[in-house]
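Where a number appears in this text, it was derived from the coordinates with a stated rule and is not lab data. Given the structure is predicted, the values throughout are model-derived calculations rather than measurements. Ideal geometry is used to build each Cβ from the backbone, glycine not excepted, and the neighbour counts take in all protein chains shown.
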Amino acid sequence: KTTFQLINWREPKRSAAAFGLSLLVLISVATLSVISVLSYLVLACLCVTITFRIYKSVIQAIQKSDEGHPFRSLLEKDISISSEAVRELGDQCLLHLNCFTSRTRRLLLVEDLVDSLKLATVMWVMTYVGGMFNGITILILGVTVIQPRRNKCMDEFFSITLRKYISDLSNIPQVKKGSSTPLRYVSLK
């Protein structure tokens, strides 16, 4: 229910924070490696928590109070996962994994020629799509297609962004005659 409320902007402050942070992570992953992004996120979290801990320690020393560790309630909270929850999750994962492996085996070992040819065609098309876009761009464009069309402001923003992206693609110089470099980008006009 909370995910539904976030996606449909029922609580604008939370939705803006969640989607702003998600956009920041997506842009970071698009420009940096995943390891760098994770490292920066952990460093940012550590900077905030260490600064807060030092601040609270200085305030306690000045006021001569004995409040203790500022994160004590979080440190004492039980975050262990029950074995029953792990078994349930494991059973569900096992079901999906078995289904995936049997389908993969069926497709790759050509049990049905038509289905295997369909997979080959899709993979061949994806090589061209992968040459034009990176995975983050495809994810962002996919979200714009899936996003409900209720919010006109978001729709206008996405259409402007998509038009700019298409115009940028059309401005890529064409390959000169006689060059051995293949044409990788196709004009979308």
Subject >> Two-site label geometry, Leu23 and Arg163: point separation in nm, points 7 Å out along Cα→Cβ >> reply: 1.9
Original post:
So between Val58 and Arg10, what do we pick up on full extension, going 0.36 nm a residue minus the alpha carbon distance?
Top reply: 13.2 nm
**OP:** With 10 Å bins from zero, work out the P(r) of the stretch 1-127 over every alpha carbon pair and list the percent per bin.
**Re:** 9, 14, 22, 30, 13, 6, 4, 1
Original post:
Label-point separation (nm) for Phe71 and Asp91, each offset 7 Å from Cα along Cα-to-Cβ?
Top reply: 3.6
Original post:
How large is the charge dipole for the stretch 12-102, taken about the Cα centre, if only the Cβ atoms of Lys, Arg (+1) and Asp, Glu (-1) carry charge, to the nearest 20 debye?
Top reply: 460
Original post:
Under 5 Å between amide H atoms, partner at least 5 residues away or on a different chain: which partners does Phe71 have, H built in plane at 1.01 Å?
Top reply: none
**OP:** Return the distance in nm (one decimal) between the two label points of a simple spin-label model at Val48 and Asp112, each offset 7 Å from Cα along Cα→Cβ.
**Re:** 4.9
Subject >> Three-way shape label, the stretch 33-106, alpha-carbon gyration tensor, a/c 1.5 >> reply: oblate
**OP:** Apply 1/(1 + (r/R0)^6) to the Cβ-Cβ distance of Asn171 and Thr127, taking R0 = 25 Å, and write down the FRET efficiency to the nearest 0.05.
**Re:** 0.60
